[in-house]
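Values quoted throughout were computed directly from the atomic coordinates according to the rules given, and no laboratory measurement underlies them. The structure presented is a predicted model; accordingly, all values stated were derived computationally and were not measured. Glycine gets a Cβ as well: all are built from the backbone with ideal geometry, and neighbour counts include every protein chain shown.
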Amino acid sequence: MPASVLPPSPEHTHEHDRDTAPVGRLPAVVLMAGSCLPILGAVLLAPVLPRIQDHFADVPGSPALVPVMLTVPALSLALLAPFAGMIVDRLGRKRLLVAATVLYALFGTAPLWLDSLHAILVSRVLVGIAEAAIMTACTTLIGDYYSGELRDRYLALQAMCASVSATVFFVLGGALGAADWRAPFWLYAVGLALAPVMARVLPAPLPPERGADTTARAPRRAFPVRRMAGTCLLTVFGAVVFYTVPVEMAYLLDDLGTDSTGTIGAVTAGASAATVLGSVLFTRLAPHRRHRLPALFALCAAGFLLMGLADSLPLLVAGAVVNCVGTGLLLPSLVTRAMSLLEFADRGRGMGLWTAAFFLGEFLCPLVLLAGEEPAGSLASAVAFLGVVTAALAAALFAVTRRPALAGPPEGVRR
């Protein structure tokens, strides 16, 4: 296997990373809020899909089109994030972020006034385009403003905020949807309040050459194609692993005879809390332990195997908790690895590719489990098989990380 899948040294930083001046905590808070906006699109409508289905029951093809309303923003984001990354590098991170946040609010609230299912689907595609720009710009700006240990902490916090906001938005969507299926779309208007704050609070990031004479000490490297490709492939699979529990847990509970919405909500909240715990643990680990992907995938695999073999609710919940602690560690590990490979001039393009990989995995997650359910015999067996595949990947990565030790580390990686 190529060296592109090897975890980077946690001590690895570019020269300009050490010269980056801190900008304080307030920009980080604003970027965390911005990073939650794409999560809003992913979960907000889930509780009201049946009501939307009833409203458009007379529209041909509505049984297929209505669920697509939930997933098409993620697909748009996955397809367009690389282009958003290139625009970020060319036009500027802050400018694109503010503009995309305004468009996000306009496109997101459009279904409040649209009566056509097809027009609503178009608006959802446009929401995905805005989300691609928002997520890419937010992650890129975290890399611009912060470096080293502090940057790792904020990237882990970004993953933590995504997990918490997913649960909050799911509850809000259900509460608002109880009044009317259109009501949850009002939450997209938060972009109109957040955009002026971004414009006011976020400083314009400067290339390191403007703030310090670093070019003589660290000539610019070529874009790390092979290493970014390896990281992005792992991220696609990692996103499938990350979203399996929130997407499939209700179905697994139902198969065990648990259909209480209160129980489902409690288990979902517990899984979200476990993901947050994993993200917190990431920041507490010693730097040399944070990027051990074989161990993190192995932990996720153990959770899947427990879930797949569970014949009772406590065992299923235990497996979900183990898996979600693993995914809470895995996501910040993948994104900090990708960030460590990139220089300022290429950071937008690189994080656009990483963002595309992650949301492609989100889109593929239910399709992967659906494809595996029939040959496996049940959803639980499909989850167990995913655990076996995840364990095999962990073993392969462990073998790869051991191999370079015999001939010395590859160029650009320190041990």
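Only DSSP H runs of four or more residues enter the estimate; each adds -39500 (n - 2.57), and after division by the residues of the chain the mean residue ellipticity at 222 nm equals -25500 deg cm²/dmol.
Working note: Cα gyration tensor of the chain, eigenvalues times five, square-rooted, sorted largest first, giving semi-axes of 34, 28, 17 Å.
Taking label positions 7 Å along the Cα-Cβ direction at both PHE398 and VAL68, the computed distance is 4.4 nm, reported to one decimal.
For the pair PHE83 and LEU192 in one chain, pulling the backbone fully straight at 0.36 nm per residue adds 36.8 nm over the alpha carbon distance.
Taking only the C-alpha atoms of the stretch 102-192, Rg followed by Dmax gives 15.8, 50 Å. At full extension, LEU49 and SER260 could sit 74.1 nm farther apart than now, given 0.36 nm per residue minus the alpha carbon distance.
I'd like the Kirkwood hydrodynamic radius of the stretch 303-401, using the inverse of the mean 1/r over distinct C-alpha pairs, in Å.
Details: mean 1/r = 0.0651 Å⁻¹.
Hydrodynamic radius (Kirkwood, Cα only) of the stretch 303-401 equals 15.4 Å.
Once C-alpha pairs closer than 8 Å and six or more residues apart are averaged by separation and normalised to the residue number of the stretch 39-153, the relative contact order reads 33 percent.
Simple spin-label estimate for LEU285 and ALA199 gives 4.1 nm between the two label positions (7 Å along the Cα-to-Cβ direction from each Cα). Listed by number, the DSSP H helices of the chain that run 20 Å or longer by alpha-carbon position along their axis and have mean Kyte hydropathy of at least 0.0 are 26-43, 62-91, 93-109, 117-145, 148-177, 225-255, 261-284, 293-309, 313-340, 347-376, 379-402. In this structure, HIS118 and GLU374 have a Cβ-Cβ separation that, at R0 = 30 Å, corresponds to a calculated FRET efficiency of about 0.45. Looking at the stretch 350-394, the pairs of alpha carbons with a distance over 16 Å make up 50% of the total. Take each peptide in 111-120, 235-244, count the other Cβ atoms within 10 Å of every residue, and average; sorted highest first, the result is 235-244, 111-120. Ranking LEU157, SER76, ALA250 by Cα position along the charge dipole of the chain, where only Lys, Arg, Asp and Glu carry charges on their C-beta atoms, puts LEU157 farthest toward the positive end.
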